[in-house]
């Protein structure tokens, strides 16, 4: 079976009704949040609104949540759904199956996140202002972030029976609060590099704790470092995932007791 | 075709199979045992889903774990009733065929043939979610045979099938075996196995309790003499003569039917060879001869309890 056939099957899998509904719900949240700045008392500034909603609601919420939904389910859902024996007793290489699942998840989640970002830009800038908005630049960077997160979560999916738990903890506990933790912990957050390449600086509260913490950091992340780091994470996660999936035993839990 | 040498498999503290050594040739072999006996574990080792904790499993001379060359020639029908529910039966079998490297040009005909074999052509284009248990079972068998494998492994394939479906599937398996292929069928229902094959592997609590022909296995159980049931014109007339034979241990008459007697023998072959002369000498006609414990139920009971 060619890789593209596997990919198209992966895309079919990604667009199954239940997953599609989940993706639609996730993507609708940033769009609703984008409406809120229109009602701000201090006057509506589209650039400020977009620079707040895009990094927080699109990147750090919708994009990563879609990656969790599709990435952590890549292998674990086949095991819990007991369909894994159909795949692993076939002569198609496990590496191809793993990579196709990652690729399908990346393609679908990127498309969904780009649509979400486009709708957010449309709500904030309006149809006439969207041409001058940074949406095009962001749309090009979204697949990079998705590919990296997806690789990490797909990798987790090959290693753990419940990969969504550490994935959610990493994204919504560690990555959310690491911005206000002094020191270089921020460099352990994938989002730091994703935001750097998308030219969206982290939200800093004027004269607040986050600004104070930023001043205490003795180094910043450069664009080159970000690209290199993301590339290394991507390759490493895919390599570990391929290795684990090609050597691991994946049997539904009830079958082993 | 399949060689298993000292294979054990542990799931943490739980043992799946324990020091199993056997070989499975071409033809139909039944893997028999109660639930939890280790049948599915053995099948997972053969199909390369699990690695043995100790020992070795070889299929077509190679370790089957994630081995494309071996898996190319294996058709596997799992016990679990799980599918991609939104697919139609035909889509599912086609996907499995492509994963099994059926060439794209042969795909439609291979899928059609497999669906015909399990009598699912008419319902093949409706979604699997709407299938009955029997239909799902048939589709599982279709996906296992679609690439015409040399080794077919069916884990409890008769579950959920109606009597007609069972007969059809048994016939399919026998045809497959007659083509010189190897079929391994697991079951915990003894009479089903008995109708399919005489060659069994009997598992109990992870151990291989017995292997080979049912009758040969039965012959090994010396402490449980064979019972043979005879129906003659007058059982009480032939009874004393039968009891005189060295091979016969006991004779019992049937109170309700004066024509019937049941005897116990530790040497059935010897008894059968002597029976012809005895019948002629007694001038009695034997209208029916049967061995009530020469079946799997008895063999299984003796081995497990004994």
On C-alpha positions alone, give me the angle between the axis of helix B:89-99 and the longest principal axis of chain B, in degrees, nearest 10.
80
Taking beta carbons within 10 Å but only from partner chains, what does the mean come to for residues B:44-51?
4
Find the relative contact order for chain B and round it to a whole percent, using C-alpha pairs within less than 8 Å whose residues are 6+ positions apart.
19
Rg/Rh for the protein assembly as shown: what does it come to with C-alpha atoms and Rh from Kirkwood?
1.18
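Where does each of B:204, A:38 land when they are ranked from fewest to most other beta-carbon atoms within 10 angstrom?
Details: B:204 17, A:38 11.
Lowest count first: A:38, B:204.
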Using alpha-carbon coordinates, inclination of helix B:133-145 to the longest axis of chain B, degrees:
80
In what sequence do A:246, B:94 fall when counting other Cβ within 10 Å, fewest first?
A:246, B:94
Given springs between every Cα pair under 10 Å in a Gaussian network model of chain A, which of A:166, A:91, A:143 has the largest fluctuation?
A:91
Segments A:118-128, A:96-106 sorted - mean Cβ within 10 Å per residue, highest first:
A:96-106, A:118-128
Stretched fully, the stretch from residue B:56 through residue B:125 gains (0.36 nm per residue minus C-alpha distance, one decimal, in nm) 20.6 nm
Peptide-level mean, for B:132-144, of C-beta atoms on other protein chains within 10 Å:
0
As a footprinting exposure proxy, order B:192, B:285 by other Cβ within 10 Å, with the fewest listed first.
B:285, B:192
Against the longest alpha carbon principal axis of chain A, how many degrees, from 0 to 90 and to the nearest 10, is the axis of helix A:17-35 turned?
10
Of all DSSP beta bridges having both residues in chain B, the percent classed as antiparallel (nearest 5) is 65
Averaged over B:13-19, how many beta carbons belonging to a partner chain fall within 10 Å of each residue's beta carbon?
1
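A short reminder: the numbers here are calculations on the coordinates, not readings from a lab. Keep in mind it's a predicted model, so treat the numbers as computed, not measured. Neighbour counts run over all protein chains shown; Cβ positions are idealised from the backbone, glycine included.
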